[in-house]
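Trainee: One structure is given below, represented as structure tokens, and several questions about it will come after.
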Amino acid sequence: MVGGGFGNIFKIPELKKKIYVTLALLVVYRVGVHVPTPGIDGAALATFFAGKKGTLLGLFDMFSGGALERLSVFALGIMPYISASIILQLLTVTIPHLERLSKEGEQGRKKITQYTRYGTILLSVIQGFGISIGLESMSSPGGAPVVIHPGWEFRIMTVMTLTAGTAFIMWLGEQITERGIGNGISLIIFAGIIVRMPNAIRNMFRLVSTGEMGVFSVLILLVMMVLVVAFIIYMEQGQRRIPVQYAKRVVGRKMYGGQSTHLPLKVNTSGVIPPIFASSIIMFPATIASFITIPWMQNLASAVTPGNIVYESLYVAFIFFFCYFYTAVTFNPVDVADNMKKQGGYIPGIRPGKRTADHIDRVLTRITLGGAIYVSAVCVLPSVLITKFNVPFYFGGTALLIVVGVAIDTIQQIESHMLTRHYEGFLKKKRA
């Protein structure tokens with residue numbers, strides 16, 4: 001670590017400002033989670049959700065940071081934005097106009113971001129309307145209706161409130177990414193998971209004290225979580241290093257190059273994106289279905305409940321798809337091979353150009369398979385914990401992967417800022 005570790009973070013004014021901005025915006029998000037949607041009986045809603053901790057609604061509530069359970073203005077969370085991002089990225093591959101925009105640099109990126117925002121609003125309206133209809137048919141186990149005054153006024157108000165809440169979260173995420181430190185959307189999900197941990201720990205101790213959960217089961221659960229965290233950290237740092245040799249070049253009277261280096265390829269190039277995207281894809285239709293009392297819709301919601309073979313199969317399939325898809329979007333072997341060739345670099349035993357690109361692509365495909373298996377194995381752990389150990393909250397592999405992955409990514413960005421500042425200061429001293 002540069003300059004004595006994280007103790008020097010607050011000695012760098014620019015980095016300190018970014019961290020304060022990030023924390024302040026996350027506090028705003030957490031305050032908004034507690035602002036209720038008008039027209040809801042909070043007590044009846046809380047009673048209804050009491051039995052939904054291990055279901056799809058429990059998973060959705062985890063991603064919304066507890067906002068769905070309270071049906072706050074942020075009840076939809078950031079999932080509509082993620083769903084819109086998925087749709088735009090898929091369309092970028094198939095629609096030439098969007099593909100051209102993606103290659104036009106900053107201006108093209110801004111245009112695609114604008115389309116993503118429009119898509120977020122549209123999806124929020126659809127989800128908000130489905131939830132408002134479903135809420136009208138819901139009641140607590142005691143028979144108390146969740147909606148105080150059902151009707152079109154309530155539906156329109158709910159749609160407007162939830163859509164505005166999602167738009168505001170989207171803006172917060174973008175502000176964190178631009179003005180703060182780390183990826184704003186990932187940090188919002190991270191914050192929503194972290195703040196629920198103290199309550200989950202309290203529930204666990206309460207169940208132990210009442211005898212509903214054995215001490216041995218708690219110990220096994222804690223040991224498994226520690227092992228999973230260690231495994232995630234190990235795999236997230238895992239790389240396949242391809243050796244690269246640079247030819248010697250003579251410029252004037254001096255000779256440059258000739259050094260050996262390597263091209264690092266991460267085992268999990270896509271990070272925490274696949275489980276987030278996979279959850280979003282499954283939860284978008286299933287959440288609406290779970291709120292609507294039509295029989296076939298209820299059957300659909302039951303089929304995609306965590307722990308069900310249909311849900312787990314879809315989840316793993318989507319994780320594999322997004323591991324490969326997101327890696328293909330973010331890492332282009334052809335561009336890497338061309339840049340390597342222009343700089344006089346080559347992989348020993350491989351001809352520069354197309355052969356090099358094919359070799360990198362082949363290696364990347366193999367290690368991405370390993371990364372997809374690792375992510376899938378970690379993410380199906382919650383179902384095992386909930387069903388086998390009677391865990392009273394939805395917290396397991398998916399949450400651990402997001403928490404650890406986002407933490408590692410944020411720490412690396414902080415280190416990058418500190419390294420940049422360190423070398424800038426060094427260069428200034430040399431010039432002086």
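Trainee: Would you tally the net charge around Leu263, using a Cβ to Cβ cut-off of less than 10 Å, leaving Leu263 out, and scoring K and R as +1, D and E as -1?
Mentor: Around Leu263, the surrounding residues sum to +2.
Trainee: Would you kindly calculate the translational diffusion coefficient of the stretch 85-196, applying Stokes-Einstein with the Kirkwood radius from alpha carbon pairs, for 25 °C and a viscosity of 0.890 mPa s, and quote it in µm² s⁻¹ without decimals?
Mentor: 148 µm²/s
Trainee: Apply the a/c threshold of 1.5 to the C-alpha gyration tensor of the stretch 153-230 and tell me whether it is rounded, prolate or oblate.
Mentor: oblate
Trainee: Counting other Cβ atoms within 10 Å, which GluC sites (Glu not before Pro) in the stretch 94-182 have at most 14 and lie in a DSSP loop?
Mentor: Answer in residue order: Glu104.
Trainee: Listed here are the pairs Lys110/Lys266; Lys11/Lys110; Lys11/Lys341; Lys266/Lys341; Lys111/Lys354; Lys18/Lys111; which of them are more than 30 Å apart at the Cα?
Mentor: Where the Cα-Cα span goes over 30 Å, the pairs concerned are Lys11/Lys110; Lys11/Lys341; Lys111/Lys354.
Laboratory data are not the source of any read-out in this text; all were calculated from the coordinates shown. These numbers come from a predicted model, not from an experiment. Glycine gets a Cβ as well: all are built from the backbone with ideal geometry, and neighbour counts include every protein chain shown.
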